[in-house]
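J.: Could you have a look at this structure, given as structure tokens, before my questions?
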Amino acid sequence: RKEVEQDPGPFNVPEGATVAFNCTYSNSASQSFFWYRQDCRKEPKLLMSVYSSGNEDGRFTAQLNRASQYISLLIRDSKLSDSATYLCVVTDTGGFKTIFGAGTRLFVKA
Amino acid sequence: GAGVSQTPSNKVTEKGKYVELRCDPISGHTALYWYRQSLGQGPEFLIYFQGTGAADDSGLPNDRFFAVRPEGSVSTLKIQRTERGDSAVYLCASSLDSGGATEQFFGPGTRLTVL
């Protein structure tokens with residue numbers, strides 16, 4: 001079993017749609033959780049950190065369920081510019097080793 | 001300010017050769033990470049430096065891979081006796097603090113092709 005698993009997609013949605021991505025992780029002692037965004041042939045960039053209380057940044061909402069070892073990302077009112085690969089990221093118990101999921105590809109079409 | 005830079009941007013080498021990949025982190029960032037990314041996959045952790053020391057090198061695939069950060073700033077990833085399976089994009093990232101709780105800033109990567 002992979003340490004961090006994501007649905008690879010691709011997700012093809014129209015502009016304005018709401019789309020949700022899920023991620024599961026295997027190490028129950030993992031410490032920190034993030035969503036990164038990666039555009040084609042570019043480096044990953046932090047989208048948002050994920051907290052147990054849930055957090056929101058504009059159109060983006062992230063949730064963490066430690067009991068189920070599950071992380072989610074919700075994108076509301078999708079824009080063409082949201083088209084990218086979304087990477088689920090978990091750090092281990094020491095807080096050093098960072099594990100990336102394989103990513104979920106999103107295509108937003110006009 | 002300047003971001004993370006990596007050189008070269010592209011490297012083509014022959015099987016069996018030695019290569020060095022360089023990473024210049026953001027000034028003042030004490031933590032530095034190396035990853036490699038294959039097509040269609042997420043970045044794969046290789047090694048983490050806190051200052052000059054490798055705090056976690058558990059991701060290095062075998063003893064052909066080695067990384068140094070002698071002065072706590074610039075880092076070099078060294079690959080001996082390259083194999084075709086080493087072909088990938090090698091990414092470097094830095095962060096302000098130790099541990100994994102802070103944002104990592106990535107460089108543009110070095111695309112390594114082993115013929």
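The values are calculated or read from the model by the stated rules, or taken from the named source; none is laboratory data. Keep in mind the model is a prediction, meaning the values are calculated, not measured. Ideal geometry is used to build each Cβ from the backbone, glycine not excepted, and the neighbour counts take in all protein chains shown.
J.: Is it true that some residue in the range B:75-95 is at pLDDT below 95 and closer than 23 Å to A:Thr93 by Cβ?
T.: Of all residues in the range B:75-95, those at pLDDT below 95 come to B:95.
Okay, now just the ones that are also closer than 23 Å to A:Thr93 by Cβ, so B:95.
Yes.
J.: What number of residues within the range A:38-67 are away from every other protein chain (no Cβ under 11 Å) and assigned to a strand (DSSP E or B)?
T.: 9
The rows are residues; the columns are (1) over 26 Å from B:Pro108 (Cβ atoms); (2) polar (S, T, N, Q); (3) within 13 Å of the chain's Cα centre (by Cα).
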{"residue": "A:Glu15", "(1), (2), (3)": "yes, no, no"}
{"residue": "A:Tyr25", "(1), (2), (3)": "yes, no, yes"}
{"residue": "A:Ser28", "(1), (2), (3)": "yes, yes, no"}
{"residue": "A:Arg41", "(1), (2), (3)": "no, no, no"}
{"residue": "A:Asn65", "(1), (2), (3)": "yes, yes, no"}
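J.: Do we find a residue being farther than 19 Å from A:Tyr36 by Cα and within 14 Å of the chain's Cα centre (by Cα) anywhere in the range B:89-109?
T.: Within the range B:89-109, not a single residue is farther than 19 Å from A:Tyr36 by Cα and within 14 Å of the chain's Cα centre (by Cα).
J.: Which of the residues belonging to the range A:68-96 are more than 13 Å from chain B (Cβ to nearest Cβ) and outside any strand (DSSP E or B)?
T.: Hits for the range A:68-96 are A:Ser68, A:Gln69, A:Arg76, A:Asp77, A:Ser78, A:Lys79, A:Leu80, A:Ser81, A:Asp82, A:Ser83.
J.: So A:Thr61 fits all but one of (1) surrounded by 16 or more Cβ atoms within 10 Å (Cβ to Cβ); (2) out of contact with any Leu (no Cβ under 9 Å at 6 or more places or on another chain); what number is the exception?
T.: (2)
J.: Which of (1) farther than 23 Å from B:Gln6 by Cα; (2) within 11 Å of chain B (Cβ to nearest Cβ); (3) β-branched (Val, Ile, Thr) does A:Ile99 not meet, given it meets every other one?
T.: Among (1) farther than 23 Å from B:Gln6 by Cα; (2) within 11 Å of chain B (Cβ to nearest Cβ); (3) β-branched (Val, Ile, Thr), the lone unmet condition for A:Ile99 is (1).
J.: Any idea which of (1) surrounded by 15 or more Cβ atoms within 10 Å (Cβ to Cβ); (2) in a loop (DSSP other than H, G, I, E, B); (3) charged (D, E, K, R) is the one B:Arg22 doesn't satisfy?
T.: Answer for B:Arg22: the failing condition is (2).
J.: Still on this structure: Residues that are more than 16 Å from B:Trp34 (Cβ to Cβ), at least 2 per element: which strands (runs of 3 or more DSSP E) completely within the range B:73-115 meet that? Write out each step before concluding.
T.: Working: elements: B:75-79, B:88-95, B:110-114.
In the range B:73-115, B:110-114 are the strands (runs of 3 or more DSSP E) which contain 2 or more residues that are more than 16 Å from B:Trp34 (Cβ to Cβ).
J.: Follow-up. Out of (1) touching a residue at least 60 places away in the same chain (Cβ under 8 Å); (2) crowded, with 20+ Cβ neighbours inside 10 Å, what's the single condition that is false for B:Arg69?
T.: B:Arg69 satisfies all of (1) touching a residue at least 60 places away in the same chain (Cβ under 8 Å); (2) crowded, with 20+ Cβ neighbours inside 10 Å except (1).
J.: To continue, here is another question. Please determine, by comparing only the residues of the range B:42-56 that are in a loop (DSSP other than H, G, I, E, B) and surrounded by fewer than 16 Cβ atoms within 10 Å (Cβ to Cβ), which one is nearest to the other protein chains (Cβ to nearest Cβ).
T.: Within the range B:42-56, the subset in a loop (DSSP other than H, G, I, E, B) is B:42-43, B:51-52.
Retained after the next criterion (residues that are surrounded by fewer than 16 Cβ atoms within 10 Å (Cβ to Cβ)): B:51-52.
On the way: B:Gly51: 13, B:Thr52: 15 Å.
Of everything passing the filter in the range B:42-56, B:Gly51 is nearest to the other protein chains (Cβ to nearest Cβ).
J.: Let me ask another. Check whether at least one residue in the range B:76-92 is within 14 Å of chain A (Cβ to nearest Cβ) and in contact with a Ser or Thr (Cβ under 6 Å, 6 or more places away or on another chain), and report yes or no. Full working, then the answer.
T.: Going through the range B:76-92, the residues within 14 Å of chain A (Cβ to nearest Cβ) turn out to be B:88-92.
Filter once more, so that each one left must be in contact with a Ser or Thr (Cβ under 6 Å, 6 or more places away or on another chain): B:88, B:90.
Scanning the range B:76-92, I find at least one residue that is within 14 Å of chain A (Cβ to nearest Cβ) and in contact with a Ser or Thr (Cβ under 6 Å, 6 or more places away or on another chain), so the answer is yes.
J.: Filter the range B:86-101 down to the residues that are of a type in the set (Ser, Thr, Tyr) and in contact (Cβ under 8 Å) with a residue 60 or more places away in the chain, then identify the one that is farthest from B:Gln41 (Cα to Cα).
T.: It comes out as B:Ser98.
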